[in-house]
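The values are calculated or read from the model by the stated rules, or taken from the named source; none is laboratory data. Note that this is a predicted model, so its numbers are computed, not measured. Every residue, glycine among them, receives a Cβ derived from its backbone with ideal geometry; neighbour counts consider all protein chains shown. What goes into the accessible areas is simple: the full protein's heavy atoms, side chains included, and nothing from ligands, DNA or RNA. Shrake-Rupley method; radii C 1.70, N 1.55, O 1.52, S 1.80 Å.
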Amino acid sequence: MKKITVLLLLILISLGAFADDAHGTIEPSLGGFSIQNCDSIEMTDETVEIWENRVKVTFHFKNLSSQKQTVTIGFPVKWYEETGVSADENRLKDDEQTKSAIEKYYNFRSRCNGKKLERKLIASANQYGSFDFWFTTELVFAPGQVLEVVDEYNAGYSYGSDSIGWSWKTWSYILSTGSSWANNIKKATIIFHSKYKYQWKKYYVSEIAGEKNYIWDIDSMSYHWGSFSHAPKSIKYDKTKKETVITWILENIKPQKEWEAETITSAIHSPDNWKQEFAYDLVKDELFKIPGYTNGSRWWFDDEYREDSDRTWIYEELGEKEKFYAWVKELYESGFTEFQAKTKVAGVYAQLLINSIYAMHGYQFKNEKWSDTFSRFLWYKPVTPSLSEKDFTAEENSMIKSLKKFR
C-alpha cells in the first residue's frame, strides 16, 4: 500500500466544562470561594441532562443533622477556555467587565424547591481545577430537610480538527466537585441528547484498549465513533424527537474521575481508510448519474488530487475470497445500520455489496461494467447466470435482504 505523507495541523476551539455544585466557604483573604468538605449535608442524587449547547442539573441535598444548617455552594467556571486565553499565561482579572461577559455567556439560572435562587459570581480562592470563578449562593436547611436545587446554563463543547480530515467534539462533566459533600452520592444519572444520529450508535469505552467501532455515514463519505470515559447504560435513537439519547447511571460514588463523551469524525481520505475509498472508486460513475450529486468537499477522491490513484494493489490485497468477503461485511456492518437513510447514494453502495456477494458465487453479470470489475480479482469465476437463496449462506441472505431495502 502506498503511503501518503501529510502535514498535520491542529485547531482547537472553546471548551464548555460542566460541573457539580461544591460545598465551600468564601474566604476574602484568599480572594474568593474555596472548596471545603462537608460532614452534615449529603448530595443524595443528581440528574444531569446535556444538550449540544445547554445543561440542566437537578440535585437533591439532605441535612443529615438534627440542627439547622446554612451552607455555601459554588458552581465552577473555566472561563479562560471560552476566551482562548491560557490559564497558565494569563489569569483572568476579577473585574466587572469579565464578570459581565461570563454571566452573559452562561446565562446561569438556579432554583431551590421551585423558587429562584440568587447566585453571585465571585473569583476562586484556591484555583481548584484551574477554575477562575464560581457562581455561589447559600442554602438553609431545617433539621433532616431535603432541598432540590436545579441549575440550568448555556454550555458547549471543545472542538478540534486537523488537516487530514479528522475532527472531534468533546463534552465533559466535572463530577469530582461533588465529592465535597458528606458520604457517597447514591445515584448520578447523566443523559446526553444529540442531534447527530451517526456519531453515537457504535462506541468504545476507554478502558477497552484499542477497540474503536465506527459507523460509516455513506452520504457524506465520512465515519464516526464515540469515546466515553464511563460505559453508557443505553444508547437509543428517538425517532419522534429525532435525537440520540445516551444514558449513564453511576451508583454509590465518591467521584474522583470526571465524565467525558467525545465524538470523532474522519473524512474517508485518511491513509488507513482505503476500504471506503475503494468502494467509492467502484461506484463513482453511478454516483455522478444521480441528479444533483456532487463530490463537494470530497475532492480528494478525484484521481488528479490523490497521490494513491493507482488502485492496482487493492485488487491484490482483496485477492483472496475470504479477505474480499471481510471487506464486504465490514462496509455492510458499519454503513447499513438502522441510522442510514434510504437515499440514492446509499442505494448505489447497497447494489455494489449485493453484486459483490453474487460475484463470490460465480454469477455471470450481464452488465459489462460489473464483469470487468470483478474479473480483476483472481477468485472471480463466472459460471452461472442464475442464483437463488439456497446458493447463499444464512448470513449472506440476511445481508442481501437488508441491502435490498436501500435500493
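At-a-glance table
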quantity: Residue count, the range 56-80 (criterion: touching an Asp or Glu at 6+ places or on another chain (Cβ under 8 Å) and modelled with pLDDT under 95); calculated: 6
quantity: The range 230-243 residues that are outside any strand (DSSP E or B), paired with ones that are among the aromatic types (Phe, Trp, Tyr) and modelled with pLDDT of 85 or more (beta carbon under 9 Å, 6 or more apart); calculated: His230/Trp248; His230/Trp259; Ala231/Trp248; Pro232/Phe192; Pro232/Trp248; Lys233/Trp248
quantity: Selection count, the range 99-111, where residues are at pLDDT below 95 and open to solvent by less than 20 Å² (accessible area, probe 1.4 Å); calculated: 2
quantity: Flag for Thr47 being of a type in the set (Ser, Thr, Tyr) and at pLDDT below 85; calculated: no
quantity: Given (1) over 30 Å from Tyr196 (Cβ atoms); (2) open to solvent by 70 Å² or more (accessible area, probe 1.4 Å); (3) modelled with pLDDT of 90 or more, index of the condition Lys342 fails; calculated: (1)
quantity: Single residue of the range 389-407 satisfying the filter (within 19 Å of Lys366 (Cβ to Cβ) and open to solvent by 50 Å² or more (accessible area, probe 1.4 Å)) that is modelled with the lowest pLDDT; calculated: Arg407
quantity: Subset tally (residues that are assigned to a strand (DSSP E or B), surrounded by 17 or more Cβ atoms within 10 Å (Cβ to Cβ) and either over 24 Å from the mean Cα position of the chain (by Cα) or basic (Lys, Arg) (or both)) for the range 137-181; calculated: 6
quantity: Pairs where the first residue, in the range 350-377, is within 18 Å of Gly319 (Cβ to Cβ) and the second is of a type in the set (D, E, K, R), C-beta under 8 Å, 6+ apart; calculated: Ile357/Glu396; Met360/Lys321; His361/Asp391; Gly362/Lys381
quantity: Given (1) under 26 Å from Ala341 (Cα atoms); (2) modelled with pLDDT under 90; (3) among the aliphatic types (A, V, I, L, M), number of the condition Ala231 does not satisfy; calculated: (1)
quantity: Residue satisfying all of: in the range 112-136; in a loop (DSSP other than H, G, I, E, B) and closer than 16 Å to Thr177 by Cβ; modelled with the highest pLDDT among these; calculated: Arg119
quantity: Residues of the range 311-349 satisfying the condition of being charged (D, E, K, R), in contact (Cβ under 8 Å) with a residue 24 or more places away in the chain and closer than 13 Å to Met399 by Cβ; calculated: Lys329, Glu330
quantity: Filtered residues of the range 315-339 (kept if open to solvent by less than 20 Å² (accessible area, probe 1.4 Å) and under 24 Å from the mean Cα position of the chain (by Cα)); calculated: Leu331, Ser334, Gly335, Phe336, Phe339
quantity: Residue check for Ala326: modelled with pLDDT under 90 and either of a type outside the set (Lys, Arg) or farther than 14 Å from Trp216 by Cβ (or both); calculated: no
quantity: Out of Gly165, Gly178, sole residue that is more than 27 Å from Asn252 (Cα to Cα), in contact (Cβ under 8 Å) with a residue 40 or more places away in the chain and not aromatic (Phe, Trp, Tyr); calculated: Gly165
quantity: Neighbours by Cβ (under 6 Å, 6+ apart or cross-chain): first from the range 247-268, under 14 Å from Ile50 (Cβ atoms); second surrounded by 18 or more Cβ atoms within 10 Å (Cβ to Cβ) and charged (D, E, K, R); calculated: Thr263/Lys169
